[in-house]
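Read-outs throughout are calculated quantities, based only on the coordinates presented, and are distinct from any laboratory measurement. What you are looking at is a predicted structure, and each value in this text was computed from that prediction instead of being measured. When we count neighbours, we look across all protein chains shown, and the Cβ atoms used for this are built from the backbone with ideal geometry, even at glycine.
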Amino acid sequence: MHYLDRLFVGPKYETCVWISQKADKFLTKQARRHDKAINELLDKVEFWAKNGFANWEGGDGHPIKHEGDGVYRLGRRSSLFRLIGFYENDDKQSFLIIDAFLKLKQESARHEKERMRGVALIKKTVGSWQKTGE
């Protein structure tokens, strides 16, 4: 079971964002060495949430990229940190961050694609995640 806590939730956000405890734990641990990069990424995620994630989706060069099976990758070119998740519903008003990782190089490695497949499985499996504090 993947439990999700509020990250950017409320009426000022076009897309509310929830984060899994696993992803939050990873970012907290990495913040010891990469505090600036993580804070910059989270500031951008909040900006995208305020304006609606759908406005920032696209292919190469866009910060929110569809990776297949309903899974999206969030990231900035200036950082190798990536967040992986999916929209809760087709209305795209709520995004669930399930996993986070630090890319080892510019191209997606096999283990990164496996993580995306894992997130896709969570998306498809009814009852595999739950929001807390809703």
*Check: the chain dipole with +1 on Lys, Arg Cβ and -1 on Asp, Glu Cβ, in debye*: 580
*Sorted from fewest to most neighbouring beta carbons within 10 Å, what does the list Leu42, Leu4 look like?*
Leu42, Leu4
*How high is the relative contact order of region 1-128, given as a whole-number percent (alpha carbon pairs under 8 Å, six or more residues apart)?*
24
*Assuming R0 = 22 Å, can you tell me the calculated FRET efficiency for the pair Lys25 and Gln130, based on Cβ-Cβ distance, to the nearest 0.05?*
0.85
*Placed amide H near Lys131: partners under 5 Å, 5+ positions off or other chain*: Leu4
*asked:* Can you tally the net charge around Arg115? Count Lys and Arg as +1, Asp and Glu as -1, for every other residue whose Cβ sits under 12 Å from the Cβ of Arg115.
replied: +3
*Between Met1 and Asp60, take the C-beta separation as r, use R0 = 25 Å, and let me know the FRET efficiency to the nearest 0.05.*
0.10
_With +1 on the Cβ of every Lys and Arg and -1 on the Cβ of every Asp and Glu, and nothing else charged, how large is the dipole of region 1-65 about its Cα centre, in debye rounded to the nearest 20?_
300
